[in-house]
Amino acid sequence: MKQENKPNKANWDFKQILLVGSKLFVIAAISATLLSLIYAVTEPAKQENILAEEKETLSVLIASGDIGPKEAVNSMQFKQVISRWIVREAGNPVAVVLQLAGNGYGGPLSLMAGYKLDGELINAKLMVNTETPGLGKKAETDAYMNKFRGKGGTGSGYPLPVNKEMLAEQQQGSSAGSTTVFQVKRPANFAEWLFGKPKGNVDTVTGATITFTAVSGALEAGSDYVKQTWGGAE
Amino acid sequence: MSYVGIIITFVFVENFILSRFLGLCPFIGVSRKMESAVGMGFAVIFVMAMASIITTLIYNYLLITFNITFLKTIVFILVIAALVQFVEMVIQKNSPPLYKALGIYLPLITTNCAVLGIAMIAVEKEFNVFESFVAGVSAGAGFMLSIVLMSALREKFETEWIPKPFRGMPIAFITAGLMALAFMAFDKALLKNLLG
Amino acid sequence: MIKELTKGIFKENPLFIIVLGLCPALAVSTEVINAIGMGAGVIFVLLGSNVFISLLRNFIPEKVRIPCYVIVIASFVTIVDMVMGAWLPVLSRNLGIYIPLIVVNCIILGRAEAFANKNTVGRSVMDAIGMGIGFTLSLLLIAAVREIFGNGTITLFPIPFLQFDGIIRIPGLSSMPARVLGLSSGALFVMGYFKALFNWLEQKQKESAANSLVEPVIQEQ
């Protein structure tokens, strides 16, 4: 080991270090330049995509009314509320769409949620999340938000469910109960077994409870924010 | 997230190997003997702790300041490679016994996804430097926990009969799968019950 | 030339025979589309880095060759990351941190060190394509097994004008899938059984090769 090291060290004279260093620098510089060029092209496209997605989601969440411009929200009390769009009908605000942030299983997630002015959730959509693929991904599907829709308002019957017990209670309470959320439902007959759509809830199996916690927490904060901002005025 | 939350998350809930598959190559490769598993575990904890501090510092104070966050992959991997090299040199010079114990594992760590993984996760979760350090140490501890458990199991396999095609790696994968199933008991509900 | 292309697919299959690049492979194999995306990313990076390293093999100093390779590889990975983020946002979101982690995928550095720095550009291209396709096919195999049996679906890309939402539902499986295959433990099980299958195939091949050593004497007549 020692004998091998010594002649090696002797070879490292100043000139050689300079040569090797400059070559390394050239490669690094070229790649950094190249990357910033590509970045200059891809970044605007990425931003444009995000804007387009926001616009599309707005139109899905709010069926009627004029959607105002995006406004940033800096609330000390409701840190989860990032920005808002006020929806007006004949000049009067009727609803509001909030951009909400929550903390999911695999990192921050971002939601867009439309509320009536009494805090009732109209609809919500999960925008960005970095959940582990497969786990907790369900939250992106439309049906997932069903359990939150129409809840949380001062006028409506149910508060927003913030834990699974509350949700199970509400499921039992509403006799309409379209799909059972917390049991893997066995197919009733052969035809259903053959052609039925996926049932049961990945959440219960994967234990990706945090997605639910993050989503419901953010939605609840949004509802409270709406109540505090507009609740008195109505 | 509180510090206790970070620790439990990274050691158990999001165990780097069993739930995120980060660092699976050394996990399968170096888990035949308990002794080497322990050595590898300590080396990973050490490097991950250092790497998470340094990469977070660089990201928060350099890349963000100069608005070049898109270079993070290159910067992180170079920093990690340099760090491993540096740590190896320092240990070799100052503590030959430690070098003897960890030395052979250190070069393997540069290409260990777990180290770059923790740097990326710290960025993604917007950790500050101390949070990132805690996360690094706990993720390393989670890695060590699973690799040591695995090596204990694999030492037992040597005395058991296993069908020929399953010997070596396949049985290791299947065992890891069963361990992952057991680790699913640690979910966020546990965190919530513990910490409220 | 052709041999360089085909060896990656079976004989030196990066995932099942050499067992490299495990973490991205297992983590993203929950859906077929993710496997396709990851495979495409790896092929691009492998191709780019093999070509560049092969071109620069006389320029790169021996002593700092690994850092140079890492810079080249990381550049291509960043390109993939940025391009996917801009034009394939859903895929980019699904793959998450596993895209930047292609950098530490041992297959790529391994090919750079073992092949590209010793061979001409043409051969390196063939090697990259072969290895990349081998990796993608094995990844697809794992993802297909996991998604078909674990969720009863095959997720591809949506084609709007055919009214196809991108998800094929398998009759009989989509109503009662074996959910465990979709979880992290399922990935490890599938990988274990596939590795065992490949071990068995290799063993068989060796046995028949040993047998055929005796036979050529007869054939030569």
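Quick notes
- Per-residue ellipticity at 222 nm computed for chain B from its helices equals -22000 deg cm²/dmol, with DSSP H segments shorter than 4 residues left out and the rest contributing -39,500 (n - 2.57).
- Here the 3J(HN,Hα) profile of region C:84-99, calculated from phi with Karplus coefficients 6.51, -1.76 and 1.60 at θ = phi - 60°, is 5, x, 7, 10, 10, x, 5, 4, 4, 5, 5, 7, x, 6, 6, 6 Hz, Gly and Pro shown as x.
- Our note on the geometry: Cα centres of region A:53-89 and region B:122-166, 43 Å apart.
- Applied to region B:91-102, the Karplus parametrisation 6.51 cos²θ - 1.76 cosθ + 1.60 on θ = phi - 60° returns per-residue 3J(HN,Hα) values of 5, 4, 6, 9, 9, x, x, 5, 5, 5, 6, 9 Hz, with x for Gly and Pro.
- Once exposed loop chymotrypsin sites (Phe, Trp or Tyr not before Pro) are cut out (DSSP; at most 12 other Cβ, 10 Å), longest piece of chain B: B:67-160
- If a spin label sat at a point 7 angstrom from the Cα of C:Ala40 along the line to its beta carbon, the backbone N atoms of region C:143-166 nearer than 14 Å would be those of C:156-159.
- Where labels lie 7 Å past Cα in the beta-carbon direction, separation of A:Lys79 and B:Ile58 in nm: 2.8
- Least to most buried among A:Asp224, C:Asp81 (fewest other Cβ within 10 Å first): A:Asp224, C:Asp81
- Using only alpha-carbon positions in chain B, the gyration tensor eigenvalues give semi-axes of 29, 22, 14 Å once each is multiplied by 5 and square-rooted (largest first).
- Footprinting exposure proxy for B:Val84, A:Val20, C:Val125, B:Val90 (fewest neighbouring C-beta atoms within 10 Å first): B:Val90, A:Val20, C:Val125, B:Val84
- Under 5 Å, built H, 5+ apart or other chain: amide partners of A:Leu109: A:Gly102, A:Asn103, A:Gly104
- Around the amide H of A:Asn123, modelled in the peptide plane, lie the amide H atoms of A:Gly114, all under 5 Å away and 5 or more residues distant in sequence or on another chain.
- Going from the fewest other Cβ atoms within 10 Å to the most, the residues B:Met89, B:Met120, B:Met34 appear in the order B:Met89, B:Met34, B:Met120.
- Gyration tensor (alpha-carbon) shape descriptor, chain C, a/c threshold 1.5: oblate
- Mean-position separation - Cα centroids, region A:12-30 and region B:35-81, in angstrom: 24
- Under 20 Å from the C:Leu201 label point (7 Å along Cα→beta-carbon), backbone N, region C:102-142: C:107, C:127-142
Read the figures in this text as sums done on the coordinates, not as results from a lab. Here the structure is a predicted model, which is why all the values come from computation and not from measurement. Positions of Cβ are generated from backbone atoms using ideal geometry, with glycine treated the same way; all protein chains shown enter the neighbour counts.
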